[in-house]
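The values are calculated or read from the model by the stated rules, or taken from the named source; none is laboratory data. Fair warning: this is a prediction, and the values are worked out from it, not measured in the lab. Neighbour counts run over all protein chains shown; Cβ positions are idealised from the backbone, glycine included.
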C-alpha cells in the first residue's frame, strides 16, 4: 500500500452525497481557497464550486461525449484525498479520479474506452464564455463575483489539446486524459503562475495512477504532524482519524482582506440558494467567532500552531466596532457571537508556549473583555445580558420565552425576554481567567485585576444562577434576576469551567435522567421534560426556520456535546471518578454521531440531530463546530498541560489498551500507553500498566490507571 493511502484507506466511504440533492456528490479534498460544494455525476468539475466564500460557480470544466447522454448509474468511491467515479455501459466506459489540490487546482484524471462500433468523440466544455481566451494549448478565463470584492481568474491545461475541439477514439480504443484548472484572485495571482500550476498536472508526464498516488501522498503529509491514537475500541479510533480529517477539510488560507491568516471554517456546505453565482442564505465558510475556540481546542494539539493562531490573528486585526472579536468575511466585519476564544488562546499557549504571539494578542483580548462588559454588562453584578437570542449561537432556547409561557409565535419580539445567560457568563469567566493567566505568563502587571474580575464573575454565577431545590444552573431575567426554570444543556457549563465544589453535587446527574438529558441520542439542547421540548427542532409543533433550521429547543448538537462531555469528565474526576462509566457511554454515543446510520464505513458529521432518534437534521456534512480530539487526549489518555508541568488523570472507559503517541508539548514529545495485565500480549503494546514516555524515555509507570502530577523538571530528567 502506498504511504499516502493510509488515511484514504481508513476513511474511504463509498458514495457520499447530499441528502437534499441525492445525485450531488461530495468531495473530500479542498484547496486553500477553492472547494466543491457538490459535484454532478459527470466527468470533470460540474456542480457548485466556491472560492474563499460561497460563490456558486456552476461549472469549472467538463468532458462531453457523443455516445451517452448520462453516465448514471455510476459507481463512486469517496476518499479524503480524491473521488473515484466509474461507469460502464454498452457504448463506453469511463474511470475518473478527481481532486482539488491545496494550491487551488481542480484536477481530473480520466480513462475512456470506446466499447461501441462507431467513433467516440470527446470535447472539453467550460461555463459560457468564461474561458473563451485560448493561447497555444491553454485556456484562460474569469468568473465575475459580484457580491464580493474579488473576481476569480483561471487557467486550464490538458494532456491532449485535441480535446478542445474533438478528441476521437476508434472502436475498442482506450485513452487517458488529464485536465487541470488552476484558480486565483484576479489582479493578485499572476496568470502565468496559474498556468504553471495547471500544467504541472496536465503536462507532467505522469500516468493517471501516478498522479492519484502523488495526490494521496501530498494530502497525507498534513496528517504527519498530528498525534496518533490507537485503542481496543474501533469506534474511538476511527472517530479520532475522522476528526483530524474534519479539521483539514475545513482548513482555509484566503490570504486576502480580513482573512489574511489561516483559519478553520465551520463548514464547507451552506444553507444558501444553489442558483449560479447567488449569495442568498446563510454560509458557514467564513470566520465565525463562535466556533473559533472549538477549533482551537482540538487543533492546538497539531504540531504547528499556525492554524490555531491564525483565527486569533484575523480577529485581532479586524475588531468589531465595539472592540469585540467578531465574525469576518474578507470584506466585512460582522456581528459577534458569545465565545471563549481568550480561554482557548490560553489553552493553546500551554501546549506551544508561543509568548511572542500572546504578547501581540493580549491588547485585543483585553479589549474584547471590556467590550463584553460595555455591551452586555449591567450595574448590579458581573453577569452578561444576552439581548438577542441568536448571539450565543443557541437561538430559540426556550428560556427566552419562559416568562411569556412559551408562545406559539416566538418571532414576535414582544414575547421573549432578555436574559443573563449561563453560557455567556461562563464564557466571560473563562475569557477573563484566560487573560489573567496569560498576563501572568508574560509578566503583564494587569494579571491581578483580571484574576479579581474572574473571581467576581464566578461568585455571581454560583450565587445567583444556582437553584438548590433542583440542583441546576438557570438563566436569569435581565432585570429581576428571577430564574427562567428551563433546563438548557448550558446549565452544566459551570462544571466545565471547574468552579464547583461539593455543595453543587447533583448538577451533573441531570445528564443521567431519562426524563431530562438521557434521550436515545444524547444530549438534547433542552431537557426533555420542558414544555417547549421538540426533538426535531420545530417550535411548539411548527417549523420556524424550515425543516433543517437551527432551533435549540431539543435537538442534539455536537457543539454542546463536546462541552457537556468535558464537564462530565471534570466532574467525575472531582468526585473521585464516580462517573467514569457514564462518560464512557456518552463518549461512544457522541462518537457514533460521526457516522451515518452508525456505520463506521460512512463517516460524516452534521450540524444537529433528532435527540430521540439520532436522525441527522441538517445536510452540512463534515460540519466543524465542536471538539473531540481534546476529549480523548485529556480524559481517555488523561493528559492535561498546566503552567508548571502536566497532570495525568485518565478516566476508566473500560479499554483493554490504548496508546497516545506523537504529542508535542513545550518542545517535548510525549507518549502515553496503557494495557490491562489480563490482555493478550499479542496486542500492539507489549508493556502492562499505565505509562508515560517523554522523548522515548520512561518517566512514570503504574500498574493501573491513576492520577499523578509531574513538574517540567521531572519531565526533563536526562
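Couple of notes before you dig in:
- Of all residues making up the stretch 374-424, the number that are assigned to a helix (DSSP H, G or I) and without any contact (Cβ under 8 Å) to a residue 12 or more places away in the chain: 2
- Among residues of the stretch 89-102 being surrounded by fewer than 18 Cβ atoms within 10 Å (Cβ to Cβ) and touching a residue at least 24 places away in the same chain (Cβ under 8 Å), the one that is farthest from residue 64 (Cα to Cα) is 90.
- Filtered residue count, the stretch 645-659, keeping only those that are in contact with a helix residue (DSSP H, G or I) (Cβ under 7 Å, 6 or more places away or on another chain) and either modelled with pLDDT under 95 or closer than 16 Å to residue 591 by Cβ (or both): 4
- Scanning the stretch 200-208 for residues that are over 30 Å from residue 290 (Cβ atoms), buried (at least 21 other Cβ atoms within 10 Å of the Cβ), more than 23 Å from the chain's Cα centre (by Cα) and not assigned by TED's automatic domain parsing to the domain that holds residue 299 turns up at least one hit.
- Only listed residue being within 18 Å of residue 309 (Cβ to Cβ) and in contact (Cβ under 8 Å) with a residue 24 or more places away in the chain, chosen from 259, 236, 246: 259
- Every condition in (1) farther than 30 Å from residue 257 by Cβ; (2) not in a loop (DSSP other than H, G, I, E, B) holds for residue 50 except the one numbered (1).
- Residue in the stretch 433-492 that is surrounded by the fewest Cβ atoms within 10 Å (Cβ to Cβ), counting only those that are assigned to a helix (DSSP H, G or I) and touching a strand residue (DSSP E or B) at 6+ places or on another chain (Cβ under 6 Å): 465
- Some residue of the stretch 52-69 being within 20 Å of the chain's Cα centre (by Cα) and within 22 Å of residue 218 (Cα to Cα): yes
- Within the stretch 517-535, residues that are closer than 15 Å to residue 613 by Cβ sit with their Cβ atoms under 6 Å from residues that are in a strand (DSSP E or B) and at pLDDT 95 or above, at 6+ positions apart or across chains, in these pairs: 521/556; 521/609; 524/556; 533/526.
- Residue pairs meeting the criteria (Cβ under 6 Å; at least 6 apart or on separate chains; first in the same structural domain as residue 181 (by TED's automatic domain parsing), in the stretch 116-127; second assigned to a loop (DSSP other than H, G, I, E, B) and surrounded by 14 or more Cβ atoms within 10 Å (Cβ to Cβ)): 116/67; 116/91; 120/67; 121/66
- Some residue of the stretch 570-587 being surrounded by 20 or more Cβ atoms within 10 Å (Cβ to Cβ), in the same structural domain as residue 293 (by TED's automatic domain parsing) and over 30 Å from residue 687 (Cα atoms): yes
- Some residue of the stretch 352-367 being in contact with a strand residue (DSSP E or B) (Cβ under 9 Å, 6 or more places away or on another chain) and either surrounded by fewer than 23 Cβ atoms within 10 Å (Cβ to Cβ) or not in a loop (DSSP other than H, G, I, E, B) (or both): yes
Table: residues versus (1) surrounded by fewer than 24 Cβ atoms within 10 Å (Cβ to Cβ); (2) out of contact with any helix residue (DSSP H, G or I) (no Cβ under 8 Å at 6 or more places or on another chain); (3) at pLDDT below 95.
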| position | (1), (2), (3) |
| --- | --- |
| 375 | yes, yes, no |
| 380 | yes, yes, no |
| 412 | yes, yes, yes |
| 415 | yes, no, yes |
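- Residues that are within 24 Å of residue 395 (Cβ to Cβ) and surrounded by fewer than 18 Cβ atoms within 10 Å (Cβ to Cβ), drawn from the stretch 320-350: 321, 322, 332, 333, 334, 335
- Checking the stated criteria, residue 244 turns out to be within 23 Å of the chain's Cα centre (by Cα) and buried (at least 23 other Cβ atoms within 10 Å of the Cβ).
- Filter result for residue 22 (modelled with pLDDT under 95 and either within 26 Å of residue 122 (Cβ to Cβ) or surrounded by fewer than 21 Cβ atoms within 10 Å (Cβ to Cβ) (or both)): yes
- Of note, residue 221 does not satisfy the criterion of being more than 12 Å from residue 107 (Cβ to Cβ), within 28 Å of the chain's Cα centre (by Cα) and surrounded by 17 or more Cβ atoms within 10 Å (Cβ to Cβ).
- Of the residues in the stretch 628-644, at least one is within 30 Å of residue 281 (Cβ to Cβ), at pLDDT 95 or above and either within 19 Å of the chain's Cα centre (by Cα) or surrounded by fewer than 24 Cβ atoms within 10 Å (Cβ to Cβ) (or both).
- Summed over the stretch 81-127, residues that are over 29 Å from residue 195 (Cα atoms) and assigned to a loop (DSSP other than H, G, I, E, B) total 8.
- Total residues in the stretch 575-594, condition touching a helix residue (DSSP H, G or I) at 6+ places or on another chain (Cβ under 8 Å) and either assigned to a helix (DSSP H, G or I) or under 28 Å from residue 13 (Cβ atoms) (or both): 11
- Residue selected from the stretch 191-244 under the condition in contact with a helix residue (DSSP H, G or I) (Cβ under 9 Å, 6 or more places away or on another chain) and part of a loop (DSSP other than H, G, I, E, B), by the criterion nearest to residue 588 (Cα to Cα): 233
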